[in-house]
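To start, the structure under review is shown below, and the notes come after it.
The values are calculated or read from the model by the stated rules, or taken from the named source; none is laboratory data. In this text the structure is predicted, and so the values were computed from the model without any measurement. Positions of Cβ are backbone-derived with ideal geometry, glycine not excepted, and every protein chain shown enters the neighbour counts. Each accessible area value is taken on the protein alone, full model and side chains, heavy atoms only, with ligands, DNA and RNA left out. Shrake-Rupley method; radii C 1.70, N 1.55, O 1.52, S 1.80 Å.
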Amino acid sequence: IFSWTRNGMHLDIDKDPKVLMKPHSGTLVMDIGGGERAEAYEGVYQCSAHNELGTAVSNSIIIRQSRSPLWSKERISPIIAQKGQSLILHCRPPAGLPPPIIFWMDNNFQRLPQSRRVSQALNGDLYFSNVQPEDSRSDYICYARFPHTQTIQQKQPISVRVLDMDSLNDTLADYFNDTDLFSDKPTEERAPVFMVPSESVSSKMVLRGEVLEMECVADGLPTPAVSWVKHNGEIPSGRASFLNFNKTLRITDVSEVDAGEYRCIAKNRHGSVQHTIRVTVNAAPYWISAPRNLVLAPKEMGIITCRAAGHPKPSIRWLVNGLPIQAEPPRVLTLPNIVYQVIMNKPALLECVTFGSPVPTITWFKDSRSSMLEGNAYVFHENGTLEIHMSHPSNSGKYTCVARNSLGLSENHVYLEVKEPTRILRPPEYRVVQRNRDVVFECKAKHDPSLVPTMTWLKDDRELPDDERFRVDSDSLTITDVTESDAGRYTCIMNTTLDQDSASAQLTVVGECLCATPSQPGVPTDLELTDQEARSIQLTWIPGDEHNSPIKSTTHTHTHTCYEDALHQSGVWHNLTEVPGTKTTAHLKLSPYVHYSFRVLALNEVGFSRPSMPSRQYRTSPAAPDENPTEVKGHGTEHNNLVITWKPLTPLQANGPGLQYKVMWRQQDMEKDWTSVSVANVSKFVVSGTPTFVPYEVSVQAVNDYGPGPKPSAVIGYSGEDFPSAAPGDVRVLVLNSTLAEVRWSPVSPESVRGRLQGYKVQISSRHRTEIFSPNKTSGKLPDLLPYSVYSLEVTAFNSRGEGPSSVPQRFETPEGIPGTPSFFKVSALDLDSLTLEWGPPHERNGRLSGYTFKYQTEELDLPSNQSSFTLHNLPHSTRYKFYISARTQRGAGPTLTEEAVTVLDRALSVTPAFGNVSSSVSEDGALISWEYWGPEKHLYVEYIIDNSKNPAYWQKEKVNGSQFHVLKGLKKGLAYKVRVVARGHDDRAVHHSEELLVKVPAMVSPQVDIATQGWFIGLMSAIALLILILLIICFIKRNKGGKYPVKEKEDAHGDPEIQPMKEDDITFGEYSDEDHKPLKGSRTPSSGTVKRDGSDDSLVDYGDSGDTEFNEDGSFIGQYSGRSDRDARHDSSEPPSPVNAMNSFV
């Protein structure tokens, strides 16, 4: 069964139709695409899975809506600044989730150039250390790109105008007759002042594993240069980078060692200023040992380990099935009435496993709860287990463990049984037997009566052959009809459930004739004890057969009987003395309080005989100890104690029962009387409450029930040491060279050591390095330092307890040295005759790099320190070159790094992806393409082609002007384009390219155009109007020409009237209309007396073509109609055409 919580409250999925849970799964699906407010679903979610065995809880899941809000509308007034002043252009983008990426551009979507003088801060503001006239412009635009929603918001443009007061002053001075209206001083230069941060000291907290960014932006003229150092440490070269023209220090994968004080220093020729940033590295909780699943049987104990670290230290809480663990009274999980069995003189472990909250404390009792177990004979483990070092029969009994906490107590009873050890009393003996004879190996053992023994026989450490000739009895092994293959080593093993004992003997098989063959001597017999004294006795015996080999000597051993005090070792035989083979008696020295039994073995060249039967037992009387413990020492483990230790006596050395040790001590030269205490079964004693590191006389005397041992001699021991209380003084550092320094100090006083001075430690903080010097030294060399580095050291005195306080830190700097080899050096072929060399600065710069020395063939070049690549052109192809490069400082050149290369004909193009976050957005102005690029190449192009183009190889490209944004204009509406960003090398070959984007330009309806304002329409209408006008004129003329027919008829009817002059009022064409049939005044019939019928031929042209036709000043005709035909007029007239003719001709 799955369930969810939101912000710690149960989430009822059935109440919200937009939230559902997938069947057979706990996956939660939220459908918020239908216009619902996403803010309503923000929060901390957690899933729980339940079944009859328990509950599993997921990690917390945080859901937040990604936002890209609009910029608030604001009216930004133009900014007027004087040349040389500092200036800040605030961006203040709207808060988004995740935060937006800020960049400044102009109206043409070109990134604004930045430099040491003009740069963008981490908060997005644009900072001018000092403004210059070229900074004047009206299109400072801040853009905010929201990565998750892939949208870009734009702030209103900011206008900046920079006034050059010097030029303005000169201009006004000339205009006002050299009157100086403004100050005649030029723009004053000034020392640096920090614009960001504004305080002298700031602090910054960063989490472990994240990225630390610190910035310092300075105002000043000339523009200050910014540098960074770490106080008492080094900036990590591998994880640190300097960005934004050294104004930003960025450290990745931050750890605790990056904490400390960082200083940014701004400097120009008028001074410097510095700012301190105190960095604290906190760590979110992380696992040192994460909990792991456990599978346990009923009543089985299990431990779930949960160890976490962090800064600040995290708190740990436990939950069971998603619910916090409540307080619980103690419970003993160990099964009750368990019987533990252990062999005497072996350790015993009694378990008491408990559970409770708070964690219960454990106490142990024996037989009754009248007195709690304590003392050196017992060890109490943290898990509740009771350990007894050496188990004795007196330790047998009932034990009770009691678990207590604030909610109650619980107890459990267990039992301990101490058993006698298993011992082989009569081991098998060496045998030499003839072939086809029988042989018997005896093996008699003793064991605890309550344990069941098992006898096992082995031959050459393997099981006995599966042969009926081998017969195993309860205490013997019999082999019948012995053959040569039966020879070997036979071992008997007596096993019980708790222990075992074993013994071995060799079997030798010989031929049938043993007449003159030497063999083992016979067993001595008839052992007798005479001359019995307290510390000596006389032993006599009868030797056995020599078996053709004289007896060299006899060996006598004795054995101990087992007593309850465990001072004797039953069944263990020890070699006591040797006598020549010719003797049959031995005088034996004895120890008090021993139960002796003796047996005799004879030895010849073949070997030992079988041991004789043991003699009767002889018991010596107890006595006081003859000696005291050895190796007595006194030392301290704490600053206020004295631990006295010694080597205890053996059972033979005890000389009697009730062995104890009398421990005595007194402070040397301070106390006359001894303080003493008696202890038993231990080998150390702790004296508490002593002064720190003072000498004591200590001694240990052995005592038993029959009196004390001899007077012990005293040894000198010292009580515990404490940490030194004073630091070495007058610490000085002398720098000898770039890698060696010498430190000197004044020794600490003996009183402040509070112990035995072991030496001095010099701790070099910048490299976490410690140098140790002997206590009689007051100076020492510090080798293997890094050149051009800042170090800080402290000196401490130390004794066996630890270090004392540190001296005042001493800061010193090492001078420059020669640099290390460049970090890398590679050569790549660009084309047939060019090679490009690239290198990186050395990891160990050891100073300020002054440049690089580059050699090849016979050429040697000096390159600046800021250059990291170089291209050689016009090289012969298929030629091998060897190049050498080394870095230089003021101290000289470092080791050389070499590389070989060959100019070749063909070379595979290395295209390594180096682009990221490539996105696009389309607007009316075009398609805005943005990206991130991490490659070294500077020549970037945006290339595009129509999707599914017939010529896929033809990509159009536009060069990018030093930014990571570019606007593609002129894309056709309604088409899709494939777009990519390409980085090209010096030879215009593609080195890196991004993934292709598909950019779709939407088909937009063209706006309505006023046709009346179009030029082509105006020209067309003008042409049409002109044609209409011409047609109207033609029609008007046609109409007037049609009116001449009635006039001619009238002329024909009236004959030839007098020619009358025309009036001015009659000089109009309007009188030749069809409605007005009045004759033309002043007209007459032509001389030919004929009138043409064709109206199209009878027109004013006939009159106009006459060379004699002229007009009077009043407009009347002069002369008469010529009467010539059209043919004559066309062929005979040489006069120029009249205007009427021209009009008629046009028609």
Original post:
What is the distance in Å between the Cα centres of region 647-663 and region 765-834?
Top reply: 59 Å
**OP:** Rounded, prolate or oblate: pick one for region 815-954, where a ≥ b ≥ c are the square roots of the eigenvalues of its C-alpha gyration tensor, a/c under 1.5 means rounded, and failing that, prolate if a/b is larger than b/c, else oblate.
**Re:** oblate
Original post:
With the Cα gyration tensor of region 701-849 giving a ≥ b ≥ c as the square roots of its eigenvalues, does the rule (a/c under 1.5 for rounded; else a/b larger than b/c for prolate; else oblate) give rounded, prolate or oblate?
Top reply: prolate
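Per 0.36 nm of contour for each residue apart, how much would the distance between R278 and M165 grow if the chain were fully extended, relative to their Cα-Cα spacing? Provide the component values of the computation, followed by the final result.
On the way: separation 113, 0.36 × 113 = 40.68 nm, distance 4.13 nm.
Extending this stretch completely gives an extra 36.5 nm.
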**OP:** Give, in whole angstrom and from largest to smallest, the semi-axes √(5λ) of the equivalent ellipsoid of region 1-95, with λ running over the eigenvalues of the Cα gyration tensor.
**Re:** 49, 17, 9
Subject >> For region 694-741 versus region 578-606, the gap between their alpha-carbon centres in whole angstrom >> reply: 49 Å
**OP:** Using per-residue counts of other Cβ atoms within 10 Å, averaged over each peptide, order 69-75, 233-239, 727-733 from highest down.
**Re:** 727-733, 233-239, 69-75
**OP:** Could you pull the accessible area for V703 with a 1.4 Å probe, rounded to 10 Å²?
**Re:** 40 Å²
Subject >> Vicinal HN-Hα couplings computed from phi for region 199-208 (Karplus, 6.51 cos²θ - 1.76 cosθ + 1.60; Hz; Gly/Pro x) >> reply: 8, 7, 9, 9, 10, 8, 10, 9, 8, 4
**OP:** Sort the following peptides by mean Cβ neighbour count (other Cβ atoms within 10 Å, averaged over residues), highest first: 650-662, 371-383.
**Re:** 650-662, 371-383
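I'd like to check one number: the per residue accessible area of region 596-654, probe 1.4 Å, reported in Å² as a whole number. It would help to have the intermediate numbers written out before the result.
Working: 2840 Å² over 59 residues.
On a per-residue basis, region 596-654 sits at 48 Å².
Would you please put 142-149, 613-620 in order of how densely packed they are, using the mean number of other Cβ atoms within 10 angstrom per residue and starting with the highest? Mind showing how you got there, number by number?
Working: 142-149: 19.8, 613-620: 15.1.
In descending order of packing, they fall as 142-149, 613-620.
Once neighbouring chains are kept in place and the probe is 1.4 Å, which whole percent of the accessible area of region 389-474 is contributed by carbon and sulfur? Mind showing how you got there, number by number?
Working: 2250 of 4830 Å².
Here carbon and sulfur together make up 46 percent of the probe-accessible area.
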Subject >> Alpha-carbon centroid distance for the pair region 191-253 / region 399-435, whole angstrom >> reply: 71 Å
**OP:** On the full set of protein chains, 1.4 Å probe, figure out the accessible area of S1022 and give it in Å² to the nearest 10.
**Re:** 70 Å²
Subject >> For C1035, solvent-accessible area (1.4 Å; no DNA, RNA or ligand), Å² >> reply: 80 Å²
Original post:
So which of K633/K662; K155/K969; K346/K446; K346/K647; K969/K1000; K346/K711 end up more than 24 Å apart, counting from Cα to Cα?
Top reply: K346/K711
Original post:
Rounded, prolate or oblate: which fits region 274-382, taking a ≥ b ≥ c as square roots of the Cα gyration tensor eigenvalues, rounded meaning a/c under 1.5, else prolate when a/b beats b/c?
Top reply: prolate
Original post:
How large is the accessible surface per residue of region 2-86, computed with a 1.4 Å probe and reported in Å² as a whole number?
Top reply: 72 Å²
